[in-house]
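One structure below.
No lab work stands behind these numbers, since they all come straight from the coordinates. Everything numeric here is computed off the predicted structure, so don't read it as measured data. Every residue, glycine as well, gets a Cβ built from its backbone with ideal geometry; the counts of neighbours run over all protein chains shown.
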Amino acid sequence: MQTDKQFVTFSQSDSSILHQLLNYFQDVFEQLENEFNFNLDQIRFPVLSLLDSLEKEDYIQSQHQIDGIDKDSYHDHKTQIWEQMKRTCLSIIIEKKTQVEFELSSKIKSKEKIFNLLIGTSQEKYGSKILTGPTCLGIKHGNFYFVNKDGLKEKAGMMYLNFEINTWIFSGRYIQLYKSLRKNFIVIFQMGKIVYVDDGEIIAENKADVLDNSSSWVLFNLDQIYQLKWHGNYGSNGKKIGKWKPSLEAQQITNAGGNYEANGVKTGQWIELYQDYTKISKAYFVGQYKDGLKQGKWNAYQNNKIIGGGSYDENGAKYGNWVEIVENFLGLNYLKYEGQYDGGKKRGLWKANYNQKTINLGCYDENGLKNGKWVNLYKFFNPSCRVIFIGQYNNGMKIGQWTIQQRKIIIGGGMYNDEGKKIGVWKELQPNFQLDFEVFYTGLYEEGIKQGEWKIYFQDRLIGGGNYDSQGMKHGLWKDAHQNFSYRIQVAYSGEYVKGWKKGRWNIMLIDQIIGGGNYDEGIKQGKWIEVDEKYADYHQVLCVGEYSNGMKIGRWDFLFQGNVIGGGQYEDGMKHGKWTILDSKWNRQLFIIKLDIINSFNRFVLKMV
């Protein structure tokens, strides 16, 4: 087979490019089967199917059919998005084709290397988790799942031609009594649109006006998704244009927002909201944009007082002295970082300030990397949770002994090797560790991978644990703590893991008493379940009873309190529908409920009853 023939350029039609790609890879498979005497059907089928999907444009047709009554402008916008999707895929495939040609021209051909170029696995950092799934010709395509630091695999969603589509499951956060709590929610990706769903109810719909990375448009602060909306217009190119303004709980935020140019980039003066802006966290920033880049002086405000800020150069890079407010700013937490920037990189000594106190954190070198002794503040650091991490950095990498301290008392820690990997015995904080949420994990690391038995403690009381396999995945019988385990939420889950996936019967425990549970099939809930309500606590002992089909709630679900049905309604394919009786957000034993009628999981009529 000839591998040196000149390939087409983007000046030719997409159809012509796809046709030549199909012919090329069919020839590749024929050559590989002859050389390696190996049946390639398991590789051939997904590769040719992917190219066929691009050529037939099945996805854009299905998306147009979904909308039905869509306006022509939005229909055109989706067509533009599809063209961008297609060209992005073609660019990736052509790059992969070049790599395949290089391997085929080698004197000693590596079957495994060539096969991995055709069909592989994508693993990329996604917050604190690793998003994992199949690739075909370098394009993410198929079912993806998350692997968290705790060795647990969880269904994520489907990638289609390198972009998220349909239903995805994410972990979000919300604030309750100035504590950060976590829960799962659903995001539905449609072409040019993102729909947020919380327990079967649509809570927001946002238009996605860029396609560089669909997930970059996902919000994870549930309070913000519920409360904050943006209002403005889109141009014929699908980009934001003109004045855009935000509202909080249906009330316009005075003077906030700014203008977009016709190409969708910000321009002129903007009043930007802090990334976690909600009714209890109202920090904002004021400054100028030019050609989509921040320029000059920008100040951060809270209650109309300057609480931070600094300057940007003509390239939009930070420089000079900066005071930055902490990432998890919660209104009552006046934590700031102060130090120097040079060309967008941090330099020299940086400090943290809170409640008129100063903590010397450590120094950045000329490359913007941490070096020497450092004090890192915990993500939820505040006056009631003064947790810090103390240890050494070498060129931005943690090395040696690190301790976790709270009010100068060591509460955890362990060792890093010279490659920045955890080794030996560690005592770690549960990801949602806060005051009253004091859950610890203890066990062994080998080369950064959890091994053997790990135990879970609440304060100094053993509440769970289990074993990890050689790959760092949970395996065998486990007892897990609720993600918001605390003095008031002493809920645990017990069952079996198989290579990181939950399998079979899992029980829900209140201390040592079984109060619910159900079955998993490779991490997906199936059949009848009894679950704890999302606000379950010692003062809110409400259970939810119903059925799952492939991880989606279906049919009748009831709320139970002390064995009595106090509410509920119907789900259709995971979405609430029809008449529902739900609990008010302040519900307790006085049985304060709300009756409502849900149509398409969105519109509602509300009647309060006592």
Of all GluC sites (Glu not before Pro) in region 382-450, which ones are in loop regions per DSSP and have a Cβ with at most 14 other Cβ atoms within 10 Å?
E419, E447
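Go through 149-162, 525-538 and give me the packing order, highest mean Cβ count within 10 Å leading. Show your work: numbers first, answer last.
Numbers: 149-162: 19.6, 525-538: 16.9.
Ranked by mean Cβ neighbours within 10 Å, highest first: 149-162, 525-538.
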Is region 139-288 best put as rounded, prolate or oblate by its Cα gyration tensor, with a ≥ b ≥ c the root eigenvalues, rounded for a/c under 1.5, and otherwise prolate when a/b is larger than b/c, oblate when not?
oblate
Reciprocal mean inverse distance between Cα atoms of region 360-455 - Kirkwood radius, Å
14.1 Å
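Decide, for the chain, between rounded, prolate and oblate: order the square roots of the alpha carbon gyration tensor eigenvalues as a ≥ b ≥ c, take rounded if a/c falls under 1.5, and otherwise choose prolate if a/b is larger than b/c, else oblate. Could you put the intermediate results ahead of the total?
Details: a/c = 1.24, a/b = 1.19, b/c = 1.05.
Taking the square roots of the gyration eigenvalues as a ≥ b ≥ c, the chain is rounded.
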Per 0.36 nm of contour for each residue apart, how much would the distance between K282 and Q84 grow if the chain were fully extended, relative to their Cα-Cα spacing?
67.6 nm
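Give, in whole angstrom and from largest to smallest, the semi-axes √(5λ) of the equivalent ellipsoid of region 421-520, with λ running over the eigenvalues of the Cα gyration tensor.
Details: eigenvalues 96, 71, 17 Å².
Each semi-axis is √(5λ); the values are 22, 19, 9 Å.
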Put +1 on the Cβ of every Lys and Arg and -1 on every Asp and Glu Cβ in the chain; which of G309, I114, L152 then has its Cα farthest towards the positive end of the dipole?
G309
Gain upon complete extension [K373, L22; 0.36 nm per residue less C-alpha separation]
120.7 nm
Between D573 and E35, what is 0.36 nm times their sequence separation minus the Cα-Cα distance? Round to one decimal in nm.
188.8 nm
Determine the calculated [θ] at 222 nm for the chain from helices alone, applying -39500 (n - 2.57) to every DSSP H run no shorter than 4 residues and normalising by the residue count; nearest 500 deg cm²/dmol.
-5000 deg cm²/dmol
What does the charge count near P431 come to, summing +1 for each Lys or Arg and -1 for each Asp or Glu among other residues with Cβ under 11 Å from its Cβ?
+3
For region 511-544 and region 240-291, what is the separation of their C-alpha centers, rounded to whole Å?
41 Å
Using DSSP to call loops (not H, G, I, E or B), can you name the GluC sites (Glu not before Pro) in region 248-312 whose Cβ has at most 14 other Cβ atoms within 10 angstrom?
E249
Taking 7 Å along the Cα-to-C-beta vector as the label spot, tell me the I514-I359 distance in nanometres, rounded to one decimal.
4.4 nm
For region 69-188, what class follows from the C-alpha gyration tensor (a ≥ b ≥ c being the square roots of its eigenvalues): rounded when a/c is under 1.5, otherwise prolate if a/b is larger than b/c, else oblate?
oblate
Listed peptides 548-560, 397-409 by packing density, highest first (mean Cβ within 10 Å)
548-560, 397-409
Using label points projected 7 Å from each Cα along Cα→Cβ, tell me how many nm separate K149 and E124, to one decimal.
2.2 nm
Could you pull out every whole DSSP H run in the chain that spans at least 30 Å of Cα extent along its own axis and averages -1.0 or higher on the Kyte-Doolittle scale?
14-36, 72-104
Within region 538-564, whose backbone N sits under 14 Å from a point 7 Å along Cα→Cβ of N166?
550-552
Of 117-123, 571-577, ordering from highest average Cβ density within 10 Å down gives 571-577, 117-123
Separation between the A317 and I108 pseudo-spin-labels, each 7 Å from Cα along Cα→Cβ, expressed in nm?
4.3 nm
Assuming R0 = 25 Å, what is the FRET efficiency of R505 and N206, from their Cβ-Cβ distance, to the nearest 0.05?
0.05
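Can you tally the net charge around L248? Count Lys and Arg as +1, Asp and Glu as -1, for every other residue whose Cβ sits under 10 Å from the Cβ of L248. Mind dumping the intermediate values first?
Details: positive: K229, K279, K282; negative: E249.
After counting each charged neighbour, the total is +2.
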